[in-house]
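Each remark here refers to the structure printed beneath this line.
The values are calculated or read from the model by the stated rules, or taken from the named source; none is laboratory data. In this text the structure is predicted, and so the values were computed from the model without any measurement. Don't worry about glycine lacking a Cβ; one is built from the backbone with ideal geometry, like all the others, and counts go over all protein chains shown.
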């Protein structure tokens with residue numbers, strides 16, 4: 001077991017201090033809503049998303065700019081339509097956090113269908129660890145539980161700054177999975193892969209200039225893209241697959257696709273490999289672009305440190 005593995009946070013009496021009262025209120029509301037009928041939660045979530053669209057000026061502007069940068073051929077009307085749908089999905093995602101953290105397994109299994117588990121079984125029969133390359137889809141919380149109920153995983157994640165939220169987040173995300181590793185625990189994830197575990201890694205954010213190359217992503221020719229993914233993908237005991245979770249448009253639940261092993265990947269060429277990763281991410285995102293997390297500043301790091309921000 002990795003020395004640096006994130007230890008499950010314990011409950012502290014300090015969580016009853018006033019500085020956590022708003023967090024408690026939010027958690028209690030989210031927990032209560034999670035027991036409502038699923039389709040009602042979808043309706044409530046869309047309503048929350050519409051409200052966020054009206055009041056979330058800064059994040060709305062970031063999301064709109066990302067869409068414009070990635071899809072420059074879209075008309076203004078098309079951009080705004082995608083933006084509104086994205087915020088509605090963001091509102092639903094807030095409630096899906098409660099579903100993912102507190103739903104019993106039987107309820108999760110009724111709503112989540114996983115395709116491609118045979119690829120994982122085949123890899124493990126060969127004694128291989130599996131690196132699932134995922135992306136920041138908005139339905140990640142419920143889908144993490146969905147896979148875990150049938151195939152528990154090791155999850156690479158960023159601990160929450162709020163200790164009370166981290167207490168609930170760790171338990172919620174780990175409820176049907178094996179354990180979680182902090183985002184800096186490279187040795188821990190390599191050990192899990194060598195132990196034959198299935199591990200989830202998300203390579204689609206801007207992690208800064210360190211260990212990054214500037215390669216195309218959609219219409220942006222120079223998106224800072226981490227080469228950290230290759231540390232794990234090149235581990236000799238590892239197979240790489242894409243993990244593509246989506247929310248079904250008919251309100252029936254979720255479909256998670258695990259693709260076959262990526263062919264001819266990785267190679268010895270860092271640039272070619274990170275370009276390949278971005279191409280795979282593009283194909284996945286285009287399946288349901290309104291369900292992708294456009295809210296983060298994906299293109300904040302520029303090749304020229306003195307170049308103006310793309311978000312001004």
With respect to residue 11, determine if the residue is assigned to a loop (DSSP other than H, G, I, E, B) and farther than 30 Å from residue 196 by Cβ. yes
Please state which one of 39, 59 is out of contact with any helix residue (DSSP H, G or I) (no Cβ under 6 Å at 6 or more places or on another chain), in contact (Cβ under 8 Å) with a residue 12 or more places away in the chain and surrounded by fewer than 12 Cβ atoms within 10 Å (Cβ to Cβ). 39
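So which helices (runs of 4 or more DSSP H) are wholly in segment 131-231 and hold at least 3 residues that are over 18 Å from the mean Cα position of the chain (by Cα), over 14 Å from residue 256 (Cβ atoms) and in contact (Cβ under 8 Å) with a residue 60 or more places away in the chain?
Values: elements: 140-148, 163-173, 186-194.
Here the list reads 163-173, 186-194.
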Being closer than 17 Å to residue 290 by Cβ and surrounded by 17 or more Cβ atoms within 10 Å (Cβ to Cβ) is the filter here, so list the residues in segment 227-252 that pass it. 244, 245, 246, 247
Given (1) touching a helix residue (DSSP H, G or I) at 6+ places or on another chain (Cβ under 8 Å); (2) surrounded by fewer than 18 Cβ atoms within 10 Å (Cβ to Cβ); (3) closer than 22 Å to residue 73 by Cα, residue 221 misses just (1)
Given the conditions (1) touching a residue at least 60 places away in the same chain (Cβ under 8 Å); (2) assigned to a loop (DSSP other than H, G, I, E, B); (3) over 15 Å from residue 132 (Cα atoms), every one holds for residue 285 apart from (2)
Some residue of segment 85-103 being touching a helix residue (DSSP H, G or I) at 6+ places or on another chain (Cβ under 7 Å), surrounded by 15 or more Cβ atoms within 10 Å (Cβ to Cβ), at pLDDT 95 or above and outside any helix (DSSP H, G or I): yes
